[in-house]
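Down below is the structure, laid out as structure tokens.
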Amino acid sequence: MSYLGFCPPGVIMPYAGATAPDGWLLCDGSEISKTTYAALASALSYSASVTTTNASTSVTTASTAFISVGAAVTGTGIPAGAYVASITNATTFVISAAATAAGTVTATFSLY
């Protein structure tokens, strides 16, 4: 029996089985495809407008309130594999690799 119609993507439910029921995943830290599980990936991510400076790791945004250290960051001018290395203040954070372009873009932050 599937409960997908009753719970939105990202809901964590207690379950005593060794394998997940159809349509569910075990919450065990396993890597999953963001393409195959697009609704889950969307539920676990956050997007915001950010401003990058070429060759700099410092990034500004309206608010760092929903940004977490360690979150993966993707967006134009942000190197593949970059993540939030630290949060400087309420509007500035540092990424793990220098931006490759300057400008204001939409960045997506993924904790998982």
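The values are calculated or read from the model by the stated rules, or taken from the named source; none is laboratory data. Predicted model only: the values in this text are computed from it and were never measured. A quick note on method: Cβ atoms are made from the backbone with ideal geometry, for glycine too, and the neighbour counts reach across all protein chains shown. In case anyone asks, the SASA skips ligands and DNA or RNA and just uses the protein heavy atoms, side chains included. Shrake-Rupley method; radii C 1.70, N 1.55, O 1.52, S 1.80 Å.
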Using the structure shown, decide if Ala99 is of a type in the set (A, V, I, L, M), over 15 Å from the mean Cα position of the chain (by Cα) and surrounded by 17 or more Cβ atoms within 10 Å (Cβ to Cβ). yes
Going through the range 1-36 one residue at a time, which ones are among the aromatic types (Phe, Trp, Tyr) and either closer than 26 Å to Thr74 by Cα or modelled with pLDDT under 85 (or both)? Tyr3, Phe6
Could you grab me the full set of residues in the range 73-96 that are touching a strand residue (DSSP E or B) at 6+ places or on another chain (Cβ under 9 Å) and open to solvent by 40 Å² or more (accessible area, probe 1.4 Å)? Thr74, Thr76, Ala80, Gly81, Tyr83, Ala85, Ser86, Ile87, Thr88, Thr91, Ser96
Condition check for Ala39: farther than 20 Å from Gly77 by Cβ and surrounded by 10 or more Cβ atoms within 10 Å (Cβ to Cβ): yes
Against the definition (over 30 Å from Pro8 (Cβ atoms) and modelled with pLDDT of 95 or more), how does Thr57 come out, yes or no? yes
The range 14-36, residues that are open to solvent by 90 Å² or more (accessible area, probe 1.4 Å) and among the aromatic types (Phe, Trp, Tyr): Tyr15
